[in-house]
1. Counting only protein heavy atoms and a 1.4 Å probe, tell me what percentage of the chain's accessible area is made up of carbon and sulfur.
2. Express in nm, to one decimal, how much length is gained between H198 and T284 on full extension, taking 0.36 nm for each residue of separation and deducting their alpha carbon distance.
3. Using a 10 Å cut-off on Cβ atoms, rank the peptides 95-103, 349-357 from the highest mean neighbour count down.
4. Could you grab the relative contact order for the range 159-272? Cα pairs under 8 Å, six or more apart, rounded to a whole percent.
5. Leaving ligands, DNA and RNA out of it, work out the accessible area of Y211 with a 1.4 Å probe and give it in Å² to the nearest 10.
6. For the chain, what is the relative contact order in percent, using Cα pairs closer than 8 Å and at least 6 residues apart in sequence?
7. Enumerate the amide H contacts of K10 below 5 Å, restricted to partners 5 or more residues apart or on another chain; note that Pro and chain-start residues carry no placed amide H.
8. In Å, the Kirkwood hydrodynamic radius of the range 307-388 over pairs of distinct alpha carbons?
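The values are calculated or read from the model by the stated rules, or taken from the named source; none is laboratory data. Here the structure is a predicted model, which is why all the values come from computation and not from measurement. Using ideal geometry, Cβ is built from the backbone for each residue, glycine included, and neighbour counts are taken over all protein chains shown. Each accessible area value is taken on the protein alone, full model and side chains, heavy atoms only, with ligands, DNA and RNA left out. Shrake-Rupley method; radii C 1.70, N 1.55, O 1.52, S 1.80 Å.
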Amino acid sequence: MEVKSRAPGKIILAGEHAVVHGSTAVASSIALYTYVSLRLSTPSSENEESLKLVLKDVDLEFSWPISRIREAFPDYVALLSSTPASCSGDSTKSIAALVEELSIPEAKIGLASGVSAFLWLYLSIQGFKPATVVISSELPLGAGLGSSAAFCVALAAALLSVTDSVSVDLCQQGWHSFGEKELDLVNKWAFEGEKIIHGKPSGIDNTVSAYGNIISFRSGNLTRMKSNVHLKMLITNTKVGRNTKALVAGVSERMLRHPGAMAFVFSAVDSISKELTTVLQSPTPDHLSVTQIEEKVEELMEMNQGLLQSMGVSHATIETVLQTTLKYKLASKLTGAGGGGCVLTLLPILLSATVVDKVIAELESNGFQCFIAGVGGNGVEISFEHSS
């Protein structure tokens, strides 16, 4: 049997940066997924049992003999855990040794932390069972769309679905969701994986990916909510890498230099986030009211973008995207850290496909990468395929 899981990426609809200074922010899932397929091997005496990880998008395949993993973890009983556990110092060393032996190509060395997270989650949940795990993703890496969280969530979901700690119906056809209790477990395990990749993650990315829909958060408190409006976004990846820490520090320095003005900026962002959550939860609308809701969302996006510019986190490439979409009377804002990364553009329900094609063609001619995705859909899902 093969288990498949998929977990969505995320965007920040409003409140990035200001959230560090006490404002509300709103994040949502997007219909771009990371997929994991897990096939546990049946033990055979002919070939040596191994654990295989296939990263389809970067065309890399890693493999560890189970005997080598056993060697690295002599105290195996301490490793297998039914409750989410953090990777201890000793385990970190053992995993580092297993990753080092792979000799990952220099250009792809950024993947090492993801491979480490994979090993920790796999060994903690499945132990020393031989298997093949294949990963593929529609999300660009390092663009602020939550690709590492989607990877950890999808992986945890696939691994847990074949254990006793999760009750799932193996006979169901197609993609289906977990129950509330199971989702909580998946989310907690994914957070442990995120810690290995990011050190001190906020937990927002994995929560959005696990539960889907929309989450508003303020000073560490997360509130899950369901949107009644199905928005569609054009997501433009400027492909400019960004230094999140430096951007966050820059906003704090500006706050120190202009405390009065910046306090109003953060307060305005807080109002925008709160209004956005109210608008998105409006009663299920008809076409006419959808258009009115979209117009409100566009205004809120434009206002938020102006405030992000006031904080000093925009970038020449972001401004290029804004100017391009403005020509077509579309509203855009950066999402996430800024300084590059991705830009969101709302695609209204009545917008013609011809216009969308024109906008995308113009953005791509600048070397940007474009995706179209629905906002606020389901979180992680799972499907079982029985080989005949």
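1. 54 percent
2. Between H198 and T284, full extension yields an extra 27.2 nm.
3. On the way: 95-103: 14.7, 349-357: 11.7.
Top of the packing list down: 95-103, 349-357.
4. After rounding, I find 11 percent.
5. Y211 has an accessible surface of roughly 30 Å² with all protein chains in place.
6. 28 percent
7. For K10, whose amide H was placed from the backbone, the distant partners under 5 Å are I30, G146.
8. Every distinct Cα pair counted, the radius reaches 14.8 Å.
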